[in-house]
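Written out below as structure tokens is the structure these notes cover.
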């Protein structure tokens with residue numbers, strides 16, 4: 001399997017177009033054509049991670065944080081970044097990063113953190129875009145209706161809210177005349193054929209159009225499939241950074257802080273606010289969330305869980321009456337096992353997947 005195949009499979013989960021404009025997700029070093037047999041999933045790409053990859057014969061590193069974030073004007077192999085690039089190229093290791101697209105995707109980093117912290121009934125905290133929706137109308141002989149509907153549903157068509165396989169079906173007659181060069185499933189060349197058919201209507205996100213049309217054509221018995229596509233004004237699934245939801249069991253700010261330490265396996269958290277305050281509504285933003293204190297304070301969140309909180313932004317939250325718990329940036333490590341499990345479900349042979357054991361947390365608690 002090539003690197004481009006692994007990337008394609010991953011981006012079915014977290015499409016590249018979900019990444020923010022300022023981000024640098026995507027291929028970092030190497031080639032899309034690289035033949036891959038072993039993938040290592042990591043939060044960061046640092047020297048110790050690359051050394052581990054070399055030792056374990058890894059040929060593809062999947063990272064959350066891009067190793068190339070700012071533009072490079074020169075690759076000086078005497079510099080830390082230059083040495084890292086040289087090492088990767090020398091050992092023919094391709095590096096790909098999925099940053100903000102993995103943050104905002106459904107079941108991405110934001111949802112992973114919410115699940116670990118028992119936050120339920122979540123909504124997107126900072127919406128950025130939504131799926132563009134299409135209506136697909138397909139005409140299918142009655143003998144193959146169930147097969148076609150199953151193929152459409154299995155490949156992502158027919159999702160409305162928390163319901164799947166949403167479709168509408170009407171019966172009628174289809175008419176066609178096979179011409180020279182055809183190999184009709186029903187009928188004879190040069191003769192008009194009338195067939196009992198069903199009109200199947202369903203909804204789909206634009207990003208899955210090609211996958212769903214491929215599934216339709218494979219399940220449909222005709223060599224030429226008749227279908228229509230209509231653009232819709234309905235709002236599709238909303239994507240964006242962070243989540244806000246309800247804590248499964250209400251507790252004090254102090255108790256929730258200790259709960260976070262345990263669940264996220266961190267040695268300490270920094271907390272602002274009244275420790276005896278009751279916490280029910282929780283806003284979560286993985287990574288660095290210090291720039292969004294005012295926006296979160298305008299919601300109904302009792303507490304804001306995020307990393308990299310600075311002194312003045314913490315004071316702002318305090319003044320606004322917003323409690324904050326800062327467990328650090330490194331808690332995004334929750335993505336490592338989740339991404340590995342996703343790949344192992346999608347790719348069952350030819351490629352093995354491991355999680356990096358290298359510690360990339362820069363801080364030590366003394």
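What follows is calculated from the coordinates using simple rules that are stated; it is not laboratory data. Remember, it's a predicted structure, so these values are computed and weren't measured experimentally. Don't worry about glycine lacking a Cβ; one is built from the backbone with ideal geometry, like all the others, and counts go over all protein chains shown.
Suppose each label sits 7 Å from its Cα in the direction of the beta carbon; what would the residue 262-residue 277 distance come out to in nanometres?
Going by the 7 Å Cα→Cβ label model, 2.3 nm.
So what's the projected area for the stretch 232-282, the Cα convex hull averaged over all directions, in nm²?
For the stretch 232-282, the mean projected area of the Cα convex hull comes to 5.3 nm².
Taking a label point 7 Å from the Cα of residue 361 along the Cα→Cβ vector, which residues of the stretch 29-69 have an amide N closer than 16 Å to it?
Backbone N within reach: 43-44.
Does the stretch 1-98 come out rounded, prolate or oblate, given a ≥ b ≥ c as the square roots of the eigenvalues of its C-alpha gyration tensor, rounded meaning a/c under 1.5 and, failing that, prolate meaning a/b above b/c?
oblate
Take every Cα-Cα distance within the stretch 132-231, group them into 10 Å bins from 0 onward, and report for each bin the whole-number percent of pairs it holds.
16, 47, 27, 9, 1
By how many degrees, between 0 and 90 and to the nearest 10, does the Cα long axis of helix 311-320 differ from the longest principal axis of the chain?
That helix lies at roughly 70 degrees to the long axis.
Between residue 150 and residue 121, how many nm apart are label points set 7 Å from Cα along the C-beta direction?
Taking the simple label geometry, residue 150 and residue 121 are separated by 3.8 nm.
Under 8 Å for C-alpha pairs, at least 6 residues apart: give me the relative contact order for the chain, rounded to a whole percent.
19
What nm distance separates the two modelled labels at residue 352 and residue 250, each placed 7 Å from Cα along Cα→Cβ?
5.1
Relative to the longest principal Cα axis of the chain, at what angle does helix 253-264 sit, 0 to 90 degrees, rounded to 10?
The answer is roughly 60 degrees.
Starting from the Cα gyration tensor of the stretch 63-136, multiply each eigenvalue by 5, take the square root, and state the resulting semi-axes largest first in whole Å.
36, 16, 12
Using Cβ counts within 10 Å as a stand-in for footprinting exposure, how do 247, 18 rank, fewest first? Don't skip to the answer; put the middle values down first.
Working: 247 19, 18 23.
Going from least to most buried by this count: 247, 18.
Going by C-beta contacts inside 10 Å, put 27, 264, 320 in order with the fewest on the left.
320, 27, 264
Antiparallel DSSP bridges in the chain: what percent, to the nearest 5?
Antiparallel bridges make up about 70 percent of those DSSP assigns within the chain.
Angle check, please: helix 145-154 long axis (alpha carbons) against the longest principal axis of the chain (alpha carbons), in degrees 0 to 90, nearest 10.
It is inclined by approximately 20 degrees.
How do 21, 165 line up, fewest other C-beta atoms within 10 Å first?
Neighbour counts put them in this order, fewest first: 21, 165.
Which value at 222 nm does the chain reach when only helices count, each DSSP H run of 4 or more adding -39,500 (n - 2.57), with the total divided by all residues and rounded to the nearest 500 deg cm²/dmol?
It comes out at -8000 deg cm²/dmol, rounded to the nearest 500.
Please say if the chain is rounded, prolate or oblate, where rounded means a/c under 1.5 for a ≥ b ≥ c the square roots of the C-alpha gyration tensor eigenvalues, and otherwise the choice is prolate for a/b larger than b/c and oblate otherwise?
Because a/c hits 1.5 or more and a/b fails to exceed b/c, the chain counts as oblate.
For the stretch 254-359, what does the alpha-carbon gyration tensor say about shape, rounded, prolate or oblate, given a ≥ b ≥ c as the root eigenvalues, a/c under 1.5 as rounded, and a/b over b/c as prolate? Intermediate results must be reported in sequence, preceding the final value.
Details: a/c = 2.53, a/b = 2.36, b/c = 1.07.
Here the stretch 254-359 falls in the prolate category.
So between residue 319 and residue 79, what do we pick up on full extension, going 0.36 nm a residue minus the alpha carbon distance?
My answer for the length gained is 82.1 nm.
What span do the alpha-carbon atoms of the stretch 255-302 cover on each of the three principal axes, reported in whole Å from largest to smallest?
Between the extreme Cα coordinates on each principal axis of the stretch 255-302 lie 29, 25, 15 Å.
Take the alpha-carbon centre of the stretch 7-47, take the same for the stretch 149-225, and report the distance between them in whole Å.
Rounded to whole Å, the Cα centres lie 34 Å apart.
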